[in-house]
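Notes follow once the structure below has been shown.
The values are calculated or read from the model by the stated rules, or taken from the named source; none is laboratory data. Nothing here was measured: the structure is a model prediction, and the numbers come from that model. Glycine gets a Cβ as well: all are built from the backbone with ideal geometry, and neighbour counts include every protein chain shown. Areas reflect the complete protein model, heavy atoms only, side chains present, ligands, DNA and RNA absent. Shrake-Rupley method; radii C 1.70, N 1.55, O 1.52, S 1.80 Å.
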Amino acid sequence: MGQYSTDDVAPRELGHDPDDPALAEMEDDGTEADGRLMGLERAGAWRLAWWKFKRHKLAVASGILVLLIYFVAAFAEFLAPAAPGDYAARYTYAPPQTLRIWDGEEFGLHVTGYKVEVNPESLAREFVNDPEQKIPVGFFVRGSSYEFWGLFEWDRHLFGPLDPDQPMYLLGADRLGRDMLSRIIYGTRISMTVGLVGVALSLFFGILLGGLSGYYGGHVDNVIQRIIEFLLAIPTIPLWMGLAAAIPPTLPPVQVYFMITIILSLVGWTGLARVVRGRFLAMRNEDFVTAARLDGASEVGLILRHMLPSFASHIIAAVTLAIPVMILSETALSFLGIGLRPPVVSWGVLLQEAQNIRTVATAPWLLLPGMAVVITVLALNFLGDGLRDAADPYSK
Amino acid sequence: MLAYIVKRVLYMIPTLIAISIVAFLLIQLPPGDFVTTLAAEMSQQGDTVDPTTLRMLREQYGLDEPIWTQYWLWISNIVLEGDFGRSFDWDVPVSDLIWNRLGLTLVLSLCALIFTWVISLPIGIYSAVRKYSVGDYVASFLAFVGLAVPNFLLALILMYLAYKFFGISVDGLFSAEYEDAPWSGGKVLDLAQHLIVPVIVLGTSGTAALVRIMRANLLDELYKPYVTTARAKGLSEWRLILRYPVRAALNPFVSTIGWALPELVSGATVTAIVLNLPTTGPLLLRALIAQDVFLAGAMILMLSVLTVIGTLISDLLLAWLDPRIRYK
Amino acid sequence: MTQTSENGTVLSVRDLSVDFPLQKGVLHAVRDVNLDIKRGKTLALVGESGSGKSVSARSLIQLVDSPGRIVSGKVNLFVDGTAADITAMGAKSPHIRAIRGGRIGLIFQEPMSALSPMHKIGDQIDEAIEIHLGLDKKAARKRTVELLRQVEIPNPERMADQYSFEYSGGMRQRVCIAMALACDPDILIADEPTTALDVTTQAEILDLIKRLQEQRGLAVLLITHDMGVVAEVADEVAVMQKGRIVEHGTADEIFYTPKHPYTKRLLGATLKLEHASDHKAGTYDPASEPILKIRNLSKHFGHVGGWFSRAGPSIRAVDDVSFDLHRGENLGIVGESGSGKTTLGRMIMRIIEPTSGEVIYTGSDDKDQDVLALQRKGLKKYHAAVRMIFQDPFASLNPRMTVKQIVGDPLKINNIASGRARDDRVAELLEMVGLSAEMMDRYPHAFSGGQRQRIGIARALALDPRIIIADEATSALDVSIRSQILDLLLDLQKRLDLSFIFIAHDISVVRYFCDRVLVMHKGKLVEIGEAEQVCTTPSKAYTQALISAIPNPDPRNKRMLHRTRFQSEPQAGAEA
């Protein structure tokens, strides 16, 4: 960087400062810019935003994690060793096994088996890991068959016990001897899509109403603002509970699922609508929008070509931050027993099993779906934070 | 200022009316009514259901009237006589059930609010002033984690830990001996001890959110010219930070009470169910599931009123704090 | 009073350097700066934006924004005959705090944001007094009121209990001065103290500083970019460029015998704007039929009362203004902030709908059009013939579009050219405004302010307009770039059949560029006439006051201090 100076302008974070006096100099002596700026000057907003986002390492890592989680949701059947409903009463509350390669004598991927012991204090029967027993596991093993995406039937799983009849509970088993790992993997699909579908609905209402509100202003704005204020004045959880309790228990699971997402987005859209409205209001009076209007651009052209691109990135960030809220809400509702219900498997439904503290004390691994929630929400929040910072590549 | 208060209070009225309608419609949403549920339960237990009895029950509770008449009866009784109707499920007047619980809910929420403020303010200020320091990173990370852990999960974990390591159960708000005892010093102390875990559970996510908000607000203010002016006056660093930018950053912070209090009240619902607290939460859940309409309706209404009042308080506080609003 | 060194120096700066460590390398904001600030004298530090003058000033009391830091040099403050090195003190030490506000007072450019909106004015001044002089609350307030009186705040006892948003811009700057001088400092550093103010307010503030300086024997360091202000008030001048002081001397030396080429260029650009341009196209014929007739145009911004608030009186932003624009004419509209000049321009474009009045445009087919009655299609045509250039070169270009898209958009929307033909036209337009056609794939962030303004001009020219309304088109630019842009516009006028409405607060720019000038004050038209006549021998009292308040870049012929004053109507406390 040359020996130039700056006044009050705080040094910007981008590669160079648009106010760069070195550039101003060019004008004076009419020389062309040197190669120093190649690339940057031809970089559009999305590329600048990407560069800015990339510097946020935690957000990038979280982004990768989020992609992985959605990958798990998409390929749950294949990734889960067992079907979510497979039960084995023999293995009620079996603890997590240890996965080992070396058993002291020879190599070979295996998990330890179980033996039953009587707890000397409580005199209750308990499973304990038995290092003597060896259950060999492998990749691409045969297991219960499933219909993959409704396309074809298959019975291969990414990994599992070589003998499908032998137990493998890497994360323990629940009350009915169902594999927690498999259930968490299947739960990923429901919990993650509830977030997506709910946010998609919120986004639709939010952009539509927020856009109308911000673009037309005046009475339209007033009415929509009052509606939003009113919705915000109703306490969220009682409202959700009231609506969720109104879903008839006889409804098929798929419909319950959609009812729940609609209920969640009923409140969720207000936040997005506020973001969109604020952006529209600010943007409407921007000089470059006025300039485009004077160029003869139509209203639709103004919105699509000038206003939307300017805040699309903000919306993406807001959406990313809205998904975890949805996930947390679904989890809470299902946990209370008024959201999704078995046999649907979501993280909240799984956590319902952990409602009783004595059960949790004997089988703490029942709390593991909670870990999945926390990790997912964390990753989405970090990602959203990074996206929000990168959303405006022209800010300081 | 007085005009502003009057204006804000008057604005509340249409909101409250609308809320009462929504609360009423909400409890009318499920197909069938309390009598249907009762009949279903009875036939499940093998009892014969006499249609005449059912009709009489319906008449007695006014369930056969058109919906607007039912609403009018309900709301006029509440407003004019303070009569919330009778709980079908418990067979006692609703007001006998809710006031005590509402009071405890409020106590719990206020304690959580104070906890939240006491913790989040200093951490938020520190985080902003020492931006990118180790302390800031730690605080920010914890805040993110705090936001990601659902209340009920935290409650479960704390309960599990208390049970596992201390062998105690931390649910409820009173020990057995004080449960039905009249209020006394001992009972208050007992309540205070039992409040610790619920307050931590309830306050955590709020604290996390407020740390982030305070940090962001203060960062917006810290580099404004008036701070440099104050520095050029020769003020010491901490004094000027507390007196100027923190003062300004408090404004948006205060406006968060508007949602913090209602959020706590409504968040307390889930926590209370897990921790088995004698607050409104478990009662509301049970009433909703049993379609105990008057009880559920009364509670949704009261919680909504609390929300509206919370918003009002934060608006008034904001006006009191910020001369620009006051003078408008 | 402080003992000074032998020649009256109270603060001496030696080899001061300030660095800003950035991600890619280090920015040397200030290099080896030497200054001597003397008792009772004013030293002006002059330079364009980015010269490092502000950073230099702030580093004198260790107030450089992070990540900047002083890397070398000494700042010696002479206290009782001994020198104390400020750079050796910790940035948060009690020693430096005793100097800030106590020995050295500082005032800033933006009086709007330099005061806390949350605290009463009086409390903010009291605070400084309590810290440095150790007075109690009551005594401090007494002193505060006295100070407010000295800076000519009317009714100081009452005003001390008000908030900054109840003060006008000029009054806030007076408060800042009162605060900076509250503890009798020896030195006042004024960082662009009048840049955000109107010229008449600027004159009053500079007057005030001068008067206080004489009363107290203050040493003043004035940071400014305006050579006119320098000529009016400075005893000595240091010219700064790219972090270095390139020339140093008495005001007379700098203005009459400048040595460094940069000083000469800076002066040249300033002096060039002191008279009418010799570039003018000269196509203006006052006898010709006007192409734009404005008749009784008004805009009232009403307070629509809500349920509980009374309907306030409506503000007449523009009040019954009429004038003509002739073919080939450059008409200037001047006025201070709040005069309604921008609203007037926007009403002609119909960005703002007028409350009443007429705008008649005579098209190239010699037919009169009632602009205010135009519907969508007609308005689109009108907007092709009457174009606009905006003030802020950063906000007026969509940062997400390439230059090609920005300049080509009007061609596309109006179906004038497409594909190759459009690209060729864009290239032609860019070259017309002095940019290279190769730049068209770049985004606006790759250009400087002046270059961006050229892009904005190219966009305005894209539709072969007949009239261009330029709203403060050069006020965001440095003085040297300002004249380049004006010359470009005059040059374009010679080649194309153009008329300009040039809205500005800067009279020298209007005088340089325009044939006729229209003066506005509080929404009303005060005076309209030949540019040279209005700018030199105005007939109306308001214009006389306005013109005489403009700093004259000639230290031997100070104009501002002998200015005439204009009292519109006696108003308590309102001045901006």
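In table form, for the structure just shown:
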{"read-out": "Cβ-placed point charges (K, R +1; D, E -1), dipole of chain B about Cα centre in debye, nearest 20", "value": "2500 debye"}
{"read-out": "Extension gain (nm, one decimal) between A:Glu126 and A:Gln355, 0.36 nm per residue minus Cα-Cα", "value": "80.4 nm"}
{"read-out": "Chain C, relative contact order [Cα under 8 Å, separation at least 6], %", "value": "15 percent"}
{"read-out": "Total accessible area lost when B and A pair, probe 1.4 Å, Å² to nearest 100", "value": "3300 Å²"}
{"read-out": "Long-range amide H partners of C:Ile389 with built H, under 5 Å", "value": "C:Ile469, C:Ala470, C:Asp471"}
{"read-out": "Cβ charges +1 (Lys, Arg) and -1 (Asp, Glu), total dipole of chain A, debye", "value": "1360 debye"}
{"read-out": "Helix A:236-245 axis, angle to chain A major axis (alpha carbon atoms, nearest 10°)", "value": "50 degrees"}
{"read-out": "FRET efficiency estimate (nearest 0.05) - Cβ-Cβ, B:Asp83 to B:Ile114, R0 51 angstrom", "value": "0.90"}
{"read-out": "Contact order relative to length of chain A, as percent, for alpha carbon pairs under 8 angstrom and 6 or more apart", "value": "19 percent"}
{"read-out": "With every protein chain in place, chain B: carbon and sulfur % of accessible area (1.4 Å)", "value": "66 percent"}
{"read-out": "Separation between Cα centres of the stretch B:112-147 and the stretch C:26-87, rounded to whole Å", "value": "37 Å"}
{"read-out": "Distance violations [Cα-Cα > 21 Å] among B:Lys131/C:Lys242; C:Lys120/C:Lys142; C:Lys299/C:Lys524", "value": "B:Lys131/C:Lys242"}
{"read-out": "C-alpha long axis of helix A:368-391 to longest principal axis of chain A, angle in °", "value": "10 degrees"}
{"read-out": "Rounded accessible area of C:Arg143 (nearest 10 Å², 1.4 Å probe)", "value": "70 Å²"}
{"read-out": "Residues listed by number, the stretch A:163-204, amide nitrogen under 18 Å from A:Asp155 label point at 7 Å toward C-beta", "value": "A:163-168"}
{"read-out": "Phi-based couplings in Hz for the stretch B:238-246 (Karplus 6.51, -1.76, 1.60; Gly and Pro marked x)", "value": "5, 4, 6, 5, 5, 7, 9, x, 5"}
{"read-out": "Carbon/sulfur fraction of accessible area - chain C, other protein chains in place, 1.4 Å, %", "value": "49 percent"}
{"read-out": "Whole-Hz ³J(HN,Hα) from phi, Karplus 6.51 cos²θ - 1.76 cosθ + 1.60, for the stretch C:17-33, glycine and proline x", "value": "10, 10, 10, 10, x, 10, 4, 10, x, 10, 9, 8, 6, 10, 10, 6, 8"}
{"read-out": "Karplus 3J(HN,Hα) series, Hz, for the stretch C:386-394 with 6.51 cos²θ - 1.76 cosθ + 1.60 (x for Gly, Pro)", "value": "10, 10, 9, 10, 9, 6, 8, x, 8"}
{"read-out": "0 to 90° range, to nearest 10: angle between helix A:218-233 axis and chain A longest Cα axis", "value": "30 degrees"}
{"read-out": "Residues along the stretch A:216-233 losing 50 Å² or more of accessible surface when the other protein chains are present rather than the chain by itself (probe 1.4 Å)", "value": "A:Phe230, A:Ala233"}
{"read-out": "C:Cys176 - accessible surface, heavy atoms, 1.4 Å probe, Å² rounded to 10", "value": "10 Å²"}
{"read-out": "Cα centre as origin, Lys/Arg/Asp/Glu Cβ charges: the protein assembly as shown dipole, Debye", "value": "1700 debye"}
{"read-out": "Total formal charge among the other residues, if their Cβ is under 9 angstrom from that of C:Asp471, Lys/Arg +1 and Asp/Glu -1", "value": "+1"}
{"read-out": "Computed P(r) (all Cα pairs; the stretch C:464-576; 10 Å bins; percent)", "value": "12, 38, 35, 13, 3, 0"}
{"read-out": "Cα→Cβ-extended label distance, 7 Å offset, between C:Asp252 and A:Gln133, nm", "value": "10.8 nm"}
{"read-out": "Built amide H within the under 5 Å cut-off of A:Arg341, gap 5+", "value": "none"}
{"read-out": "Shielded by partner chains, the stretch C:39-57 residues - at least 20 Å² of accessible area, 1.4 Å probe, vs chain alone", "value": "C:Gly50, C:Ser54, C:Val55"}
{"read-out": "Kirkwood estimate for chain C, i.e. one over the average of 1/r between Cα atoms, Å", "value": "26.0 Å"}
{"read-out": "Per residue solvent-accessible surface (Å²) - the protein assembly as shown, probe of 1.4 Å", "value": "42 Å²"}
{"read-out": "Inter-centroid distance (Cα atoms) of the stretch A:335-358 relative to the stretch C:147-167, Å", "value": "66 Å"}
{"read-out": "More than 40 angstrom apart: percent of Cα pairs within the protein assembly as shown", "value": "61 percent"}
{"read-out": "Label-point separation in nm, C:Lys210 to A:Ser298, each point 7 Å along Cα→Cβ", "value": "6.1 nm"}
{"read-out": "Chain A - Rg (one decimal) and Dmax (whole number), Cα, Å", "value": "27.5, 93"}
{"read-out": "Contact surface C-A: accessible area buried, both sides summed, square angstrom, 1.4 angstrom probe", "value": "4800 Å²"}
{"read-out": "Ellipticity estimate at 222 nm from DSSP helix runs (n ≥ 4, -39,500 (n - 2.57)) divided over the protein assembly as shown, nearest 500", "value": "-16000 deg cm²/dmol"}
{"read-out": "Cβ-Cβ FRET estimate between C:Arg316 and C:Glu358, R0 fixed at 22 Å, reported to 0.05", "value": "0.80"}
{"read-out": "P(r) of chain B over all Cα-Cα pairs, binned every 20 Å from zero, in whole percent", "value": "25, 48, 23, 3, 0"}
{"read-out": "Two-site FRET efficiency, C:Lys367 against C:Arg425, from Cβ-Cβ distance with R₀ of 22 Å, rounded to 0.05", "value": "0.20"}
{"read-out": "Under 18 Å from the C:Ala276 label point (7 Å along Cα→beta-carbon), backbone N, the stretch C:506-540", "value": "C:507-519, C:528-539"}
{"read-out": "C:Glu532 - accessible surface, heavy atoms, 1.4 Å probe, Å² rounded to 10", "value": "80 Å²"}
{"read-out": "Where labels lie 7 Å past Cα in the beta-carbon direction, separation of B:Val9 and C:Lys74 in nm", "value": "6.9 nm"}
{"read-out": "Quotient of Cα Rg and 2.2 N^0.38 Å for the stretch B:171-328, N being how many residues it contains", "value": "1.40"}
{"read-out": "The stretch C:502-549, relative contact order [Cα under 8 Å, separation at least 6], %", "value": "27 percent"}
{"read-out": "Contour minus Cα-Cα distance for B:Ile196 and B:Ala181 (0.36 nm per residue)", "value": "3.3 nm"}
{"read-out": "Options B:Val134, B:Thr307, B:Leu153, ranked by Cα towards positive dipole end of the stretch B:101-321, top entry (Cβ charges)", "value": "B:Val134"}
